[in-house]
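J.: Got a structure for you, questions after.
The values are calculated or read from the model by the stated rules, or taken from the named source; none is laboratory data. The model shown is predicted, which means the values in this text are computed figures rather than measured ones. Cβ atoms come from the backbone with ideal geometry, glycine included; neighbour counts cover every protein chain shown. Just so you know, the surface numbers come from the protein's heavy atoms only, side chains and all, with ligands and any DNA or RNA stripped out. Shrake-Rupley method; radii C 1.70, N 1.55, O 1.52, S 1.80 Å.
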Amino acid sequence: MAEKKKASTKKTEAKKQEVKHEAPVKQEAPVKMEAKTQAPAKVPVTTGPKVKPRIGVFICHCGTNIAGSIDIKAVEAYAKTLPYVVHADNYQYICSTPGQKKITDAIKEQKLTGTVVAACSPRLHEPTFRTATKEGGLNPFRFEMANIREQNAWVHMHDKEAATEKAKDAVRIAVAKASLLQDLTPKTVSVEKAAMVVGAGIAGMQAALDLAAAGIKTYLIEKSPSIGGRMSQLDKTFPTLDCSQCILTPKMVDVGRSPNIELMTYCDVESVEGFIGNFDVTIRKKARGVLSMPEAEAKGIVGGGCNGCGDCEPVCPVIKPNPFEMGMKPRKAIYIYHPQVVPLLYTIDWDSCVKCGLCVTACGEKKAIDLEQKDEFVKVKVGTAILATGFDLFPIEKKTEWGYKTYENVVTSLEFERLICASGPTSGHLIRPSDGETPKRVAFVLCAGSRDNAGIGKPYCSRFCCMYSLKHAHQIYEKIPGVASYLFYMDIRSFGKMYEEFYYRIQDEGAKFIRGRVANILEDPATKNLHVYADDTLLNRPVDMEVDLVVLAAAVQPGWDTDRTRKLFGVSCSSDGWLLEAHPKLNPCGTTTAGVFIAGVCQGPKDIPDTVSSAEGAASAASIPIHKGEVELEPYFAMCIEEKCAGCGMCVNLCPYSALALVEKDGRKVMEVTEAKCKGCGTCGGFCPGGAIWMNHFATPQIVAQIDAFFLGGER
Amino acid sequence: MVRKKGYPEALEKKLHDQRYYREDSNPEFLPKVKAISRTIAHMCFQCGTCTGSCPSAPRSTYRIRHFMRRAVLGLENEALTDPDLWLCTTCYSCTDRCPRDIAPTDVIMAMRNLAFKRDIIPVNFLKTVQAIYSSGHGVPNNDVNRAARERLGLTRDPPTTHMYPEYVKGIQKILDHYKLKANADRIVKEREG
């Protein structure tokens, strides 16, 4: 180890010597480059030509975060030796008010043309220091940040010497760029006064209601025939034991009635173009085979269209399982999920419809049924969008040891919700599927597929299973006298308001808590009873619990269509598939795509209160650009140096944002950039064979200067 | 460290301080177990899936979860001197089902290795070593099995060292390299005279 270190210091020494030889040449280089940058007419170059750069360097201690592993004094002394550096300083916290004042004062006193702060990641404090640079009287884009915390101090905590050398490198590179930075002015674009919400579960509905209440036209897109989502499948909600439908349906009705909400059920987002303020979204209206009243009127059928009378349903000869009831209740090929659907419109399942036409006859004069209907496409323009695509249950049959789909009396929690729900397939009488008997002993398996690192299953906590399993236990005590419940758990996570109190209450009602994860479940073939095997870790004895019904609190995972939808909107996801927020703590509703927000469980498992909070947060965030009416775009767009452009057009196809086009100018073809669409990714700039594309703030001379500074050094 | 109060020996034993003291832990134990078992033993969160899956646990005092806990806390003496250590059948059910993707069976194997280094091992395991040394089989073939094999249309002996006894030498060479046989003979002699 020691030998290695010696070798590396020797290397740096050698490098330094080399650099000294080349130093005179190097000093000229930036001047040359600056001259070059003046060449393209469209490229803005400010502070006049030939102004010698004057750079100020500010090194942050960040308490001991940086100072603990980097020799600040050494870096400062080194910075002073770099070309164009006329001022170097350090401070405990540069981001503090006195720290920022050091920047503004130095700009004025030293007549700086550029600033460099060596501190944390630009993601954290770039805006802070840009503002400070602006307050000092410079263009904010004349600031460059050197990350010596996340990418240095924190990862090289035990090697102060090497970390200090690395910090010097980072400062040298940043100075090289800062001496070539130019004034840039952010563009503003107008924002369409409309929003889109994708997914009409409780998150999407709440977000749409908030946006509509704020006076914003909102398109609410739902892939299934009715709004309501998962919450409409639940019987009761914890810890208040409100009937889920009872608190949800008023909101569903509000959504249906709101003049500002354009409800588009049985629709998919087909494509998304544009950028914040101006998203052009194409929506596929899937053929539901049934005309709503306005649609019928538009077709000239006076007084026609589906009024939800249900005359079609009894005559339909096709019977299929109803997915809303988890397949435990039949539906016809023309169906509604349940009586409270919004909108009250029947839908035809084309996969099972035999087109016998009986429903058409039954519908009669209303002429609401169109068996030849095709998908239609609708284009809408919105300023911002919220994704609220929700969740599905993890296919828990993959954990074969628990026997779901093998043993009849092993059900999932969502099936339990339907079985205990008064409007469910059994009218709320909990039965076991094998024989329709009322179960007298019920086992609840918590963490079924959650907190599982074994490959099959999900590593995360699904976050609401503990609480709904407590609620399930309460529901059976309420409905079945003399019932016994056993909750097999690892930890009871009752963290919300009134949740721990609810846990207390359910234990008081008689629920037995067995601290041990269920190892496996076996069925007695004669009785169809189930034997649950686990370790009662508190008793320190293995358990063989014979029960009548097992409820698996299955893990949740992103909804099946989430991945397709997120890609359309350019939203990233984490390794487990949940949509990635802009910042997990400070920007949980935003995404890295400006103007696109996320709400509810699609960001990560949430119970109903958290989902509603998240939806209201997303709605608030999504309404800000709309109310402001315009947004500022980072001026990082590409520019065409027309003298150099050969009009080959190769960049046009490479652009992932369709921001480039070939246009005729002075009798020849040149490329033109739609600045608002350009995200400054640099794909075109890196490719252009003629070097005719100038990437603002990441221009070739700036990047070359950084690379040169790194490899060749640059000390005076 | 157990505190002694100076009671008569019987009472001292009865009122023995059973609390866990940090000094009871050997910080080297967990890294040793992990190195031998090649599994992430420190990640156990005591859910009990292992003991719940264990065919040995319902009929004995063997608790694999208990051994995992001792590994995490570094309770080397307690783990290695517990006779339950030798009750694992190595069925690997716990390894199949562990939600933390740990191989508890391999942790037990590692502990057995460490115990053997301290001559802690039941005699029957040593007799298995001796059987392998002489025949190449832990459970050598016998006449009952030979008859059963014949009924099934198989050769009287399986195509192993039983059929090719000349290869027993190779097995002996391996066991000798690790001094397994010599140690087994020594310990059996010490115990049984």
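J.: Remind me, what semi-axes does segment A:140-295 give for its equivalent ellipsoid, largest first in whole Å, using sqrt of 5 times each Cα gyration tensor eigenvalue?
T.: 50, 24, 14
J.: Output the residues of segment B:14-48 meeting this criterion: accessible area (heavy atoms, 1.4 Å probe) in the chain alone minus accessible area with all protein chains in place is 50 Å² or greater.
T.: Buried by the other chains: B:45, B:47.
J.: I'd like the Karplus ³J(HN,Hα) series for segment B:10-27: coefficients 6.51, -1.76, 1.60, θ = phi - 60°, whole numbers in Hz, and an x wherever there's a Gly or Pro.
T.: With coefficients 6.51, -1.76 and 1.60, one gets 5, 5, 4, 5, 5, 9, 3, 5, 9, 4, 8, 10, 4, 5, 5, 8, 9, x Hz.
J.: What list of whole percents do you get for P(r) of segment B:16-152, with Cα-Cα distances grouped in 10 Å bins up to the one holding the largest distance?
T.: Final binned percentages: 11, 36, 31, 15, 6, 1, 0.
J.: Determine the calculated [θ] at 222 nm for chain A from helices alone, applying -39500 (n - 2.57) to every DSSP H run no shorter than 4 residues and normalising by the residue count; nearest 500 deg cm²/dmol.
T.: Computed mean residue ellipticity for chain A: -9500 deg cm²/dmol.
J.: Could you tell me the extents of the protein assembly as shown's C-alpha atoms along the three principal axes, largest first, rounded to whole Å?
T.: That gives 102, 93, 65 Å along the principal axes, largest extent first.
J.: Further question: Which listed residue (A:623, A:337, A:477) has the Cα farthest towards the positive end of the charge dipole for the protein assembly as shown, taking +1 on Lys and Arg C-beta and -1 on Asp and Glu C-beta about the Cα centre?
T.: A:623
J.: So how far apart, in nm, are the two label points at residue B:125 and residue A:478 if each is 7 Å from Cα heading toward Cβ?
T.: 5.5 nm
J.: What does the accessible area per residue of chain A come to in Å², with a 1.4 Å probe and no ligands, DNA or RNA counted?
T.: Dividing the accessible area of chain A by its residue count gives 44 Å².
J.: Let me ask something additional. Binned at 10 Å from 0, what are the whole-percent values of the Cα-Cα distance distribution for segment A:561-695, short to long?
T.: P(r) for segment A:561-695, in whole percents per bin: 11, 31, 25, 20, 10, 2, 0.
J.: Could you size up the charge dipole of segment A:638-695 around its Cα centre, putting +1 on the beta carbon of Lys and Arg and -1 on that of Asp and Glu, and report it in debye to the nearest 20?
T.: 140 debye
J.: Let me ask another. What residues qualify as long-range amide H neighbours of residue A:262, i.e. H under 5 Å apart, gap of 5 or more or another chain, H built at 1.01 Å from N?
T.: Long-range HN contacts for residue A:262: A:218, A:219, A:220.
J.: On to the next question. Can you list the residues in segment A:528-565 whose accessible area drops by at least 50 Å² when all protein chains are present, compared with the chain alone? Use a 1.4 Å probe, heavy atoms only.
T.: By number: A:535, A:540, A:542.
J.: Continuing with this model, one more query. Might you tell me the accessible area per residue for chain B, computed with a 1.4 Å probe and given in Å²? Write out the running numbers ahead of the final one.
T.: Numbers: 11840 Å² over 193 residues.
Accessible area per residue: 61 Å².
J.: Over all directions, average the projected area of the Cα convex hull of segment A:117-164 and note it in nm².
T.: 3.4 nm²
J.: Rg and Dmax of segment A:393-556 over Cα atoms: what are they, in angstrom?
T.: Reported Rg and Dmax, both Å: 14.7, 45.
J.: Kirkwood Rh over Cα pairs of segment B:123-192 into Stokes-Einstein at 10 °C, 1.306 mPa s: D in µm²/s?
T.: Estimated via Stokes-Einstein, D reaches 121 µm²/s.
J.: Also, I was wondering about something else. At 0.692 mPa s and 37 °C, plugging the Kirkwood radius over alpha-carbon pairs of segment A:475-603 into Stokes-Einstein gives what diffusion coefficient in µm²/s?
T.: 178 µm²/s
J.: Under 5 Å between amide H atoms, partner at least 5 residues away or on a different chain: which partners does residue A:570 have, H built in plane at 1.01 Å?
T.: When sequence neighbours closer than 5 places are left aside, there are no close amide H contacts.
J.: So, one more: Divide, for segment B:32-71, the radius of gyration over alpha carbons by 2.2 N^0.38 Å, where N is the residue count.
T.: Working: Rg = 10.8 Å, N = 40, 2.2 N^0.38 = 8.9 Å.
My calculation over the Cα atoms of segment B:32-71 gives 1.21.
J.: Could I ask something else about it? Of all accessible surface on the protein assembly as shown at a 1.4 Å probe, what whole percent is carbon and sulfur?
T.: On the protein assembly as shown, the fraction of accessible area on carbon and sulfur atoms equals 55 percent.
J.: Provide the descending list of Cα extents for segment B:97-145 along its principal axes, expressed in whole angstroms.
T.: Answer, in whole Å and largest first: 45, 29, 15 Å.
J.: On to the next question. Any of A:479/A:512; B:117/B:189; A:102/A:585; A:399/A:567; A:332/A:405 with alpha carbons more than 19 Å apart? Name them for me.
T.: Those over the limit are A:102/A:585; A:399/A:567; A:332/A:405.
J.: If you don't mind, another one. How high is the relative contact order of chain A, given as a whole-number percent (alpha carbon pairs under 8 Å, six or more residues apart)? Walk me through the numbers on the way to the answer.
T.: Values: 1520 pairs, mean separation 100.0, N = 716.
Value for chain A: 14 percent.
J.: Using only the Cα atoms of segment A:257-368, what do you get for the radius of gyration and for Dmax, in Å?
T.: When restricted to the Cα atoms of segment A:257-368, Rg and Dmax are 16.1, 49 Å.
J.: Taking loop as defined by DSSP and a crowding limit of 15 other beta carbons within 10 Å, which trypsin sites (Lys or Arg not before Pro) in segment B:12-44 fit? Please list the in-between numbers first.
T.: Working: sites: B:13, B:14, B:19, B:22, B:32, B:34, B:38; in loops: B:19, B:38.
Within segment B:12-44, the qualifying trypsin sites (Lys or Arg not before Pro) (loop, at most 15 other Cβ atoms within 10 Å) are B:19, B:38.
J.: When the Cα atoms of segment A:618-712 are enclosed in a convex hull and the volume is divided per residue, what value in Å³ results?
T.: Measuring per residue, one finds 137 Å³ for the Cα hull of segment A:618-712.
J.: Name the long-range amide H neighbours of residue A:144: under 5 Å, sequence gap of 5 or more, or other chain; modelled H, no Pro or chain starts.
T.: HN-HN under 5 Å from residue A:144: A:115, A:116, A:117.
J.: How big is the A/B interface in buried accessible area, both sides summed, 1.4 Å probe, to the nearest 100 Å²? Could you put the intermediate results ahead of the total?
T.: Numbers: alone 32510 and 12570 Å², together 43630 Å².
Protein heavy atoms only, the A-B interface buries about 1400 Å².
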